[in-house]
Amino acid sequence: NWKGEILKKISYSTDINGSRIQMTTPYSFGAQGPYLVNNFLWLGQFYRADNSKGVFTPELQENSHLAVKVDLKTGECEKMPLVYPDEIIGHNIIGMYVRRVIGYNNNMVYTFSNVPGLYLSGDNTIFKKRMLETNYKLNLADRDNKNIPDAQSGMNFSINYDEIVDMLYDKYRECYYIFIRTKSKYSANELNVKFLYPDCLIVVLDKNLKHMGEMKLDDNIYSVKMKFI
């Protein structure tokens, strides 16, 4: 409550069928964090592919449910049927980010950092794939067959590729904003700065995910880590 007192505590370690819930991001981290719809809190689940050296397999896909829904009134947790799309199969998912946003007509729009395109779901059961329409030639990182031993090497690798870092939906203008960190050259002492203040492209799509326009933001001036409608 407003005094900071905890009124209720809800565990989401298992769902209503007793199945273990995967690791989630309980804090807001771009379009990966939780979101609230009426009395339901939606959490994104993250998966590892240790048994296949990071490669996403058909066996892993069967149980790779993207979201779990927590009823804040009853405390019940339920995994949604929607799983990772077929295009992820065979790809290395180490370091892969999943972005999502509630868009037009309450449809969910997803992006996966190593697969180009947008994935639309209206019922949290199946995907419809859409191309990300832009005048910019997008070059996403592909870690397949790449040995990246540590975080520093991962940053060095990632800075050479584009990355979709966030999405927002503007319900007043019925359009989407797609934020892309564009690849850039760097020197060793400014690597961290390039991730905080990157070269950024904002792509604007209409409610049907059709291209409306785009704008490049100069680096060292704007930070796409902080934004709102």
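The values are calculated or read from the model by the stated rules, or taken from the named source; none is laboratory data. From a predicted model like this one, the values you see are computed outputs, not experimental measurements. Cβ placement follows ideal geometry from the backbone for every residue including glycine, while neighbour counts extend to all protein chains displayed. Note: accessible area is taken over every heavy atom of the protein model, side chains too, but ligands, DNA and RNA are not part of it. Shrake-Rupley method; radii C 1.70, N 1.55, O 1.52, S 1.80 Å.
For segment 1-125, the relative contact order comes to 19 percent (Cα pairs under 8 Å, sequence separation of at least 6). With Cα atoms defining each centre, segment 85-102 and segment 128-148 are spaced 11 Å apart in the structure. Taking the square roots of 5 times each eigenvalue of the Cα gyration tensor of the chain, largest first, gives ellipsoid semi-axes of 29, 22, 19 Å. Percent of C-alpha pairs per 5 Å bin in segment 111-229, short distances first: 2, 10, 19, 22, 20, 13, 9, 4, 1, 0. Within the listed set GLU76, GLU87, GLU190, the Gaussian network model of the chain (springs between alpha-carbon atoms below 10 Å) gives the highest mean-square fluctuation for GLU190. Under a model in which nothing but the beta-carbon of Lys, Arg (+1) and Asp, Glu (-1) is charged, the chain shows a dipole of about 340 debye around its Cα centre.
Counting only C-alpha contacts under 8 Å and six or more residues apart, can you give the relative contact order of the chain as a whole percent?
Once divided by the residue count of the chain, the mean separation gives 13 percent.
Could you state how much accessible area LYS171 has, in square angstrom rounded to the nearest 10, with a 1.4 Å probe and all protein chains kept in place? Near enough 140 Å² of accessible area.
Once both labels are positioned 7 Å from their Cα atoms along Cα-to-Cβ, the gap between GLN32 and SER19 label points is 2.3 nm. Calculate I(q)/I(0) for segment 117-181 by the Debye formula, one identical point scatterer on each C-alpha and no solvent, and give its log10 at q = 0.15, 0.24, 0.29 Å⁻¹ to two decimals. Summing over Cα pairs of segment 117-181 leads to -0.69, -1.12, -1.28. The modelled label-to-label distance between ASP86 and LYS137, using points 7 Å beyond Cα along the C-beta direction, is 3.0 nm. On a per residue basis, the chain carries 59 Å² of accessible surface, using protein heavy atoms and a 1.4 Å probe.
The Kirkwood radius of segment 148-211, taken over pairs of alpha-carbon atoms, gives through the Stokes-Einstein law at 37 °C and 0.692 mPa s a diffusion coefficient of 249 µm² s⁻¹. In segment 79-161, the convex hull through the Cα atoms has an average projected area of 6.7 nm², a quarter of its surface area.
Placing +1 on the Cβ of every Lys and Arg and -1 on the Cβ of every Asp and Glu, with no other charges, gives segment 166-229 a dipole of roughly 120 debye about its Cα centre. Whole-Hz Karplus values for segment 10-16 come out as 10, 8, 10, 6, 9, 9, 5 Hz, taken residue by residue from phi with 6.51 cos²θ - 1.76 cosθ + 1.60 and θ = phi - 60°; glycine and proline positions read x. Roughly speaking, to the nearest percent, how much of segment 127-185's 1.4 Å accessible area is carbon and sulfur? For segment 127-185, the apolar C and S fraction of the accessible surface comes to 47 percent. Taking the charge dipole of segment 41-193 about its Cα centre, with +1 at Lys and Arg Cβ atoms and -1 at Asp and Glu Cβ atoms, the residue from SER64, ILE102, GLY90 reaching farthest to the positive side is ILE102.
Computed over protein heavy atoms with a 1.4 Å probe, the carbon and sulfur contribution to the accessible area of segment 1-82 reaches 52%.
On the basis of the beta-carbon distance and an R0 of 45 Å, ASN156 and THR125 show a calculated FRET efficiency of 0.70. For segment 1-130, the spread of Cα positions along the three principal axes, ordered from largest to smallest, is 49, 35, 25 Å.
Only four residue types carry charge here, +1 at the Cβ of Lys and Arg and -1 at the Cβ of Asp and Glu. Report the dipole size of segment 102-154 about the Cα centre in Debye, rounded to the nearest 20.
Using Cβ point charges on Lys, Arg, Asp and Glu, segment 102-154 gives about 140 debye.
Using a probe of 1.4 Å, the accessible surface attributed to TYR177 totals some 50 Å² when neighbouring protein chains are kept in position.
Taking all Cα pairs closer than 8 Å and separated by 6 or more residues, the relative contact order of segment 152-194 comes to 39 percent. If the chain linking ILE6 and ASN63 were pulled fully straight, counting 0.36 nm for each residue of separation and taking away their Cα-Cα distance, it would gain 17.2 nm.
Surface listing: ARG100, ARG173 arranged by accessible area from highest to lowest gives ARG173, ARG100, probe 1.4 Å.
Which residue fluctuates the most in the chain, going by a Gaussian network model with Cα springs under 10 Å, if the choices are VAL109, VAL101, VAL83? Comparing VAL109, VAL101, VAL83 in a Gaussian network model of the chain, the most mobile one is VAL83.
Dividing the summed helix terms, -39500 (n - 2.57) for each DSSP H run of n ≥ 4, by the number of residues in the chain produces a 222 nm estimate of -2000 deg cm²/dmol to the nearest 500.
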